[in-house]
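Comments concern the structure below.
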Amino acid sequence: MLDVYDILPFDNPDGGVWKQGFDITYNENEWDSEPLQVFVVPHSHNDPGWLKTFDDYFRDQTQHILNNMVIKLQEDNRRKFMWSEISYFSKWWDGIDSQKKDAVKRLIKDGQFEIVTGGWVMPDEASPHYFALIDQLIEGHQWLEKNLGVKPKSGWAIDPFGHSPTMAYLLKRTGFSNMLIQRVHYSVKKHFSAQKTLEFFWRQNWDLGSSTDILCHMMPFYSYDVPHTCGPDPKICCQFDFKRLPGGRVSCPWRVPPEAIHAGNVQHRAWMILDQYRKKSKLFRTKVLLAPLGDDFRYAESSEWDQQYQNYQKLFDYMNSHPEWHVKAQFGTLSDYFEALRKESNLGEKSSDSFFPVLSGDFFTYADRDHHYWSGYFTSRPFYKRLDRVLESYLRAAEILYSLALVQSSKSEMMSVFPSVNNYKLLTEARRNLGLFQHHDAITGTSKDWVVVDYGTRLFHSIMNLKKVIIDSAHILILKDKAAYNYDTSTPFLKMDDVQSSQDSLPRKTVIKLTSQPRHLLIYNPTEQERFSVVSVNVNSPRVKLLSPLGKPVTVQISAVWDGATTISHEAYQVSFVAHLPPLGLGVYQLLEVQSSEAVLADYNIYMRNTRQEKPDRLFKIKEMQNSVDNIILENSYMKLWFSGMSGLLEKINTKEDGKNHQMKVEFAWYGTTSNRDKSGAYLFLPDGDAKPYIFTDPPTIRVAHGRIFSEIVCFFHHVTHTMRLYKVQGLEGQSLEVSNIVDIRGEYNRELAMRISSDINSQNRFYTDLNGYQIQPRLTMSKLPLQANIYPMTTMAYIQDVGVRLTLHSAQSLGVASLKNGQLEVIMDRRLMQDDNRGLGQGVQDNKITANNFRLLLERR
Ligand SMILES: [Zn+2]
């Protein structure tokens, strides 16, 4: 794909009736020797939440669509239909009688009804981590296997805002042979159409053979609705969307309505649509044609089924009874189409013949028209993009611990009271809530405010439930004397060390009350590597002793817990230490209060302008740095860091291994939105030029902590509390810098806040971003593209490099990222937009929260 981007001019000439394409011509006799095979594929796109919540859509539309499906498909066995979102399908299934269930099974067996993809949702492909992509796919497929005995074989993704090869890989490994994608940059579509490469084998970047190849069909036109799927001319195709017959609720914006088909007009109408089919088929290599027939929440009313199926059947009957037209038209499912395509192109089920080209790379960043790039949604509603990943981490921990606990509990009678069934229900519900959130209007941040709250509440409840699963499971696993096991719901054996009070608030650490009697601190390592990792907990006393699982004293750092920038809380103290844990292991540490502690207190320098600390703290050493502008230095055995004494922001890194200095300037910057009619919204990023530096009239208060386990610098800007922490430990944790930004732009008007890192790394216009935390995709920043086109999704990391070093920004949440200048990396952290961007949402993004963006910055020698 990088080669394709190199060739394309990204101009946007008027292509005539196919605005973003070109004139298509054909010879009358092209099909004489081999007829055109047309598969009209009825479908209904059901978003699991967007303008309405999942439940409201189900109640108002989806249940009726599926109910009518059962009736209307049985009326004529030539009719076909397909479905992809199992979140909806399973909900519907739970409410229907066995007679209906049998009918559905029959329709599937007879090939009239097909499940495509079969995931819990049709996921976004930019923001989700592969853990969640797999989770939602398994959840759907397991449901299908258990309830219908069905295994889908073709992928159908008509609405995600750009496409990732990770999805192609997962479908391939699931056993799929075919897939379809739709939202691809209009210039790419035009180029592929001209080259007849809309059907290709999608191959992974790393694959030197062909084992990852999957046959992919890219839809050629602007949209998946009927006007843009029968052929190049939407004015004609719209006349074959019979839901838009005069008198109905929807009409054709091209102002020529459909006509019901009857004996008097069938010849002319059949000829009109055949002309579109023929033109469309000229963009492909075979004489098999796919013509999808559907739209959002279509086929809800019984009359709509009659309108579409009866009129199309008349057209088919007419075409098929005129052999001189050389066409065979029929209803089909996606797999009907792919089967015919493979037969026609002599593709065996396994071989990737040279008939279709091979392509590697991805389809970001999507533009549907003009300079309307969908790079805003990479960041929209970042609070929930973070919450998603928090849920994922709890889910993984809970699944492993539950599995181990289940094995334990089956070993003795005593432990049979372990609530395995109830906890399994909570696990399933969490998987489904996580799965639901991968939907292309959920994690993307592109649904209505109250739908966002619905998703957030589901994520939040599942986090609480998973904590319960973790507690119940860990309980059974840590007992030395399993005979002592006693399950009591009212008094949980363990408690978690943080609480989140509502779906839209950040978690807070709980304060552990210490006495001279040891309290057990249980730490779990959910990774399959041995780990040495810094753990921090809050306690109510600074006189702390910590014992390791072997009973040995552990070095701890006591830090102050702060109320705001400069006030120390005496309710709580933070204990930090290096925990050592085996892979997937639990460690039981002991914490107790002692008379005289050997714990080392952190000490503080506070840089304030104009104000003064009232009185010295009775415990911590705090030095006030009035009007100091000297550089601030943090240091460990790997590196030395220089921060500006004015802003507190990082400026330079010295790597001790080679003694080299590296410029590493951290800044914040604002983007505004254009003054044109089309402005940034939930989907689109339409900036008013380059970002403007974040200007502060009063320098921020800066708080610097020096400790034995870590040192850190915290800068209190008006819109962001920026922390950089340096761990004084061996290994990766000590080699990287922990970066945390607590962002609050609730008072702003059409602004987006970015963090930018400018280095002296000679990266030129090349940088790298991950896709779904699964693979790395090289990127080229191109001056022929507008700024917003050079923003890419970052799920877990982005990096720049030159011959000497590599700088990686690891991210704990999905956000939009760019490298707009040599040596730069920047990440958009939150966006507040006062208007809709005309993609159907009908609102701006103004429900901003106090949001945590967490990162690690790693500078490596190459
Ligand atoms: Zn959709």
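Surface composition of the range 514-601: carbon plus sulfur atoms contribute 50% of the solvent-accessible area (1.4 Å probe, protein chains only, all chains present). By the beta carbon rule, with partners counted only under 4.7 Å, the chain holds these lone Cys residues: Cys216, Cys715. On a per residue basis, the chain carries 40 Å² of accessible surface, using protein heavy atoms and a 1.4 Å probe.
Rg/Rh for the range 514-601 stands at 1.00; both radii use Cα atoms, and Rh follows the Kirkwood definition.
Taking amide H as placed 1.01 Å from N in the peptide plane, Met82 has its amide H under 5 Å from the amide H of Ser44, Glu114, each at least 5 places away in sequence or on another chain. The mean of 1/r over all distinct Cα pairs in the range 356-505, once inverted, gives the Kirkwood hydrodynamic radius of 17.8 Å.
Only Cα sites of the range 273-349 enter the Debye sum here, all with the same form factor; the resulting log10 I(q)/I(0) across q = 0.11, 0.13, 0.14, 0.15 1/Å is -0.35, -0.49, -0.56, -0.64, listed in q order.
3J(HN,Hα) along the range 555-568: 5, 10, 10, 9, 10, 6, 9, 10, 9, x, 6, 10, 9, 8 Hz, from the Karplus curve 6.51 cos²θ - 1.76 cosθ + 1.60 with θ = phi - 60°, whole Hz, x for Gly and Pro. Rg and Dmax over the alpha-carbon atoms of the range 125-215 stand at 14.3, 44 Å.
Rounded to whole Å, the principal axis extents of the Cα atoms in the range 624-762 read 54, 37, 22, largest first.
For the chain, what is the mean residue ellipticity at 222 nm derived from helices alone (per DSSP H run of n ≥ 4: -39500 (n - 2.57); sum divided by total residues; nearest 500 deg cm²/dmol)?
-8000 deg cm²/dmol
Along its first, second and third principal axes, ordered by size, the chain spans 99, 67, 51 Å in Cα coordinates. Here the average projected area of the convex hull drawn through the C-alpha atoms of the range 603-861 stands at 15.5 nm².
Of the two radii for the range 551-700, the radius of gyration is 1.08 times the Kirkwood radius, both from the alpha carbons; that is the Rg over Rh value.
Can you tell me the dipole magnitude for the range 483-634 around its Cα centre, using point charges on the Cβ only (Lys, Arg +1; Asp, Glu -1), in Debye to the nearest 20?
Working: 15 positive and 15 negative charges, 71 e Å.
That gives the range 483-634 a dipole magnitude of about 340 debye.
Give Lys146/Lys287; Lys235/Lys328; Lys151/Lys314; Lys513/Lys552; Lys190/Lys679 a once-over and call out the pairs whose C-alpha atoms are over 28 Å from each other. Correct reply: Lys146/Lys287; Lys151/Lys314. The modelled label-to-label distance between Ser403 and Glu624, using points 7 Å beyond Cα along the C-beta direction, is 5.7 nm.
How would you rank 158-170, 248-260, 591-603, highest first, on the average number of other Cβ atoms within 10 Å across their residues?
By packing density, highest mean first, the sequence is 158-170, 591-603, 248-260.
Shape class for the range 627-666: prolate, because the ratio a/c of the largest to smallest gyration tensor axis (alpha-carbon atoms, square roots of eigenvalues) is 1.5 or more and a/b beats b/c.
Leaving out ligands, DNA and RNA, and with a 1.4 Å probe, what % of the accessible surface on the range 42-162 is carbon or sulfur? Please report the intermediate quantities before stating the final value.
Values: 1910 of 4150 Å².
So the carbon and sulfur contribution to the accessible surface is 46 percent.
Could you tell me the relative contact order of the chain? Use alpha-carbon pairs under 8 Å, at least six residues apart, and round to a whole percent. Relative CO of the chain lands at 12 percent. Which FRET efficiency, nearest 0.05, do Arg59 and Ser505 yield, Cβ-Cβ r, R0 25 Å? After rounding, the FRET efficiency stands at 0.25.
What percentage of all Cα-Cα pairs in the range 1-142 are separated by more than 25 Å?
Percentage above 25 Å: 51.
Close amide H contacts of Leu514 (hydrogens built in the peptide plane, cut-off under 5 Å, sequence separation of 5 or more or a different chain): Asn540, Ser541.
The string of couplings for the range 779-792 from the Karplus curve (6.51, -1.76, 1.60, θ = phi - 60°) is 10, 10, 7, 10, 6, 6, 9, x, 3, 5, 6, 8, 8, 10 Hz, one whole number per residue in order, with x for Gly and Pro.
Ignoring ligands, DNA and RNA, please state the percent of accessible area on the range 603-861 from carbon and sulfur, probe 1.4 Å.
Values: 4740 of 10140 Å².
Of all accessible area on the range 603-861, carbon and sulfur atoms account for 47 percent.
Arranged from highest to lowest average of other beta-carbon atoms within 10 Å per residue, in what order do the peptides 397-408, 329-340 appear? Can you show the working numbers first?
Values: 397-408: 18.8, 329-340: 22.2.
Ranked from most to least packed, the peptides come out as 329-340, 397-408.
Close amide H pairs (under 5 Å, H built 1.01 Å from N) link Arg298 with His45, residues at least 5 positions away or on another chain.
The values are calculated or read from the model by the stated rules, or taken from the named source; none is laboratory data. No experiment lies behind these values; they were computed from the predicted model shown. Glycine gets a Cβ as well: all are built from the backbone with ideal geometry, and neighbour counts include every protein chain shown. We work out accessible area using only protein heavy atoms, side chains counted, and drop any ligands, DNA or RNA first. Shrake-Rupley method; radii C 1.70, N 1.55, O 1.52, S 1.80 Å.
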